[in-house]
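What follows is a single structure, written as structure tokens, with notes after it.
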Amino acid sequence: MIPSAFAYFAPTSVAEAISLLEQYGDEAKILAGGHSLIPAMKLRLAAPSVLIDITKIAELRGVVINGSINIGALTTWHTIEYHDGLKGVCGVLPEAVAQIGDIQVRNRGTLGGALAHADPSADATAVVLALDAQIRTHGPGGERTIAASDFFTDMLSTALEPNELITAVICNKLGAGEGAAYAKFPHPASRYAIVGAAAYVKLSGGKVSACRVAITGAGPVPTRQAETEQALLNSDGSDEAVAKATEESGTTMDVLGDIHASEDYRRAMVKVYTKRALTTALARARG
Ligand SMILES: Cc1cc2nc3c(=O)[nH]c(=O)nc-3n(C[C@H](O)[C@H](O)[C@H](O)COP(=O)(O)OP(=O)(O)OC[C@H]3O[C@@H](n4cnc5c(N)ncnc54)[C@H](O)[C@@H]3O)c2cc1C
């Protein structure tokens with residue numbers, strides 16, 4: 001359980017971190033909360049020869065709410081969970097992160113680290129998809145903004161270039177007629193999602209005018225539920241409409257089975273948790 005030897009750098013600015021990434025290329029790994037990378041290094045599943053610890057880069061921390069919501073990549077789950085302003089403008093974020101791991105994990109784990117790692121059972125991945133968030137990155141070529149819908153490319157894989165850093169996540173504030181919710185069936189030990197569903201809805205004139213549902217935990221990649229979204233659009237968002245729209249939830253997506261839950265069981269839970277998340281999101285949209 002001892003990692004292989006590595007050189008350690010602790011830059012204090014994004015520019016310095018990018019220049020180290022450029023210098024060391026594939027040999028280097030960013031270190032944020034360390035809750036995924038350090039265990040992987042101890043098990044020798046990862047053996048970077050250079051660690052670039054970004055925790056001293058103050059500009060990557062914190063939540064700024066103005067026209068939109070900007071959450072620095074290094075912001076911990078604990079900060080998001082207890083942020084006063086977030087509850088009023090995007091309550092699904094604190095709601096979801098409060099369900100992550102335990103207090104030690106929430107004190108160390110970061111939003112940027114979780115998105116870059118793209119664990120198939122992570123909670124925040126589904127939430128950023130349902131919120132249609134933008135992921136801001138910085139690399140040698142400057143800044144990029146990647147839509148969450150384009151970010152997760154495969155199991156543990158993202159659209160991030162090896163020499164790029166996630167700097168922030170940007171999402172819209174939810175207003176009147178909008179609601180979002182996260183519902184998850186947690187693994188009893190780690191609390192990672194066996195299945196988690198994040199839902200966003202907008203009601204206009206009593207009809208569902210926008211709907212996004214994203215699933216984590218079930219398959220290799222966090223996935224939007226296009227059929228369910230389409231089926232709920234233009235409905236009245238009643239319990240009957242949700243029941244109808246979720247009839248086929250989980251049937252076409254890529255689902256994995258493992259020692260914790262079979263493929264069939266996960267598919268069944270996709271439907272259950274999608275229904276729960278949508279029902280709560282709709283109740284919140286009605287105010
Ligand atoms: C016991 C335990 C239980 C957990 N339970 C849950 C759970 O229930 N739900 C859940 O969602 N998560 C859970 N986690 C994961 C945890 O919450 C963190 O989200 C996760 O470890 C990644 O965040 P980190 O800051 O620790 O990243 P690190 O471990 O520091 O990094 C992870 C990866 O991301 C890269 N990286 C980090 N930051 C950036 C950045 N800004 N830009 C580019 N690349 C970056 C690193 O190079 C590394 O490859 C659990 C972890 C543990 C140890």
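In the stretch 23-41, the residue that is farthest from the ligand (Cβ to nearest atom) out of those that are open to solvent by 30 Å² or more (accessible area, probe 1.4 Å) and without any contact (Cβ under 8 Å) to a residue 12 or more places away in the chain is Gln23. Count of the stretch 176-206 residues, restricted to those that are more than 9 Å from the ligand (Cβ to nearest atom) and touching a residue at least 40 places away in the same chain (Cβ under 8 Å), is 18. Tallying residues that are among the small types (Gly, Ala, Ser), open to solvent by 40 Å² or more (accessible area, probe 1.4 Å) and part of a strand (DSSP E or B) within the stretch 176-212 yields 2. With respect to Glu247, determine if the residue is farther than 25 Å from Ala148 by Cα, out of contact with any helix residue (DSSP H, G or I) (no Cβ under 9 Å at 6 or more places or on another chain) and of a type in the set (Asp, Glu). So Glu247 does not fit the description; no. For the stretch 43-57, the condition of being free of Cβ contacts under 8 Å to residues at least 24 places away in the same chain, under 25 Å from Tyr82 (Cβ atoms) and not in a helix (DSSP H, G or I) holds for none of the residues.
The residues of the stretch 144-175 that are away from the ligand (no atom under 13 Å from the Cβ) and open to solvent by 60 Å² or more (accessible area, probe 1.4 Å), listed by number, are Thr145, Ser149, Asp150, Thr153, Asp154, Met155, Asn172, Lys173. Among the residues of the stretch 60-67, is there at least one that is open to solvent by less than 10 Å² (accessible area, probe 1.4 Å), within 20 Å of Ala197 (Cβ to Cβ), outside any loop (DSSP other than H, G, I, E, B) and out of contact with any Pro (no Cβ under 8 Å at 6 or more places or on another chain)? No: zero hits. All told, Leu20 falls short of being open to solvent by 50 Å² or more (accessible area, probe 1.4 Å), over 24 Å from the mean Cα position of the chain (by Cα) and at negative phi. Can you tell me which residue in the stretch 110-124 is farthest from the ligand (Cβ to nearest atom), limited to those that are of a type outside the set (A, V, I, L, M, F, W, C) and under 17 Å from Pro186 (Cα atoms)? It comes out as Pro120. Residue by residue through the stretch 86-122, note down the ones that are in a helix (DSSP H, G or I), over 19 Å from Ala40 (Cβ atoms), open to solvent by 30 Å² or more (accessible area, probe 1.4 Å) and not aliphatic (A, V, I, L, M). Across the stretch 86-122, the qualifying residues are Lys87, Gly88, Glu95, Arg106, Asn107.
Hey, could you check the stretch 221-236 for residues that are small (Gly, Ala, Ser) and in contact with a Lys or Arg (Cβ under 8 Å, 6 or more places away or on another chain) and say which is surrounded by the fewest Cβ atoms within 10 Å (Cβ to Cβ)? Among them, the one singled out is Ser235. Based on this model, can you work out whether Thr125 counts as surrounded by 24 or more Cβ atoms within 10 Å (Cβ to Cβ) and touching a helix residue (DSSP H, G or I) at 6+ places or on another chain (Cβ under 7 Å)? It is true that Thr125 is surrounded by 24 or more Cβ atoms within 10 Å (Cβ to Cβ) and touching a helix residue (DSSP H, G or I) at 6+ places or on another chain (Cβ under 7 Å).
Restricting attention to the stretch 145-193, which residues are closer than 23 Å to Ser36 by Cβ and of a type in the set (Lys, Arg)? Residues satisfying the conditions are Lys184, Arg191.
The values are calculated or read from the model by the stated rules, or taken from the named source; none is laboratory data. Keep in mind it's a predicted model, so treat the numbers as computed, not measured. Glycine also receives a Cβ, built like all others from the backbone with ideal geometry; neighbour counts cover every protein chain displayed. Protein only, heavy atoms only, side chains kept; ligands, DNA and RNA dropped before computing areas. Shrake-Rupley method; radii C 1.70, N 1.55, O 1.52, S 1.80 Å.
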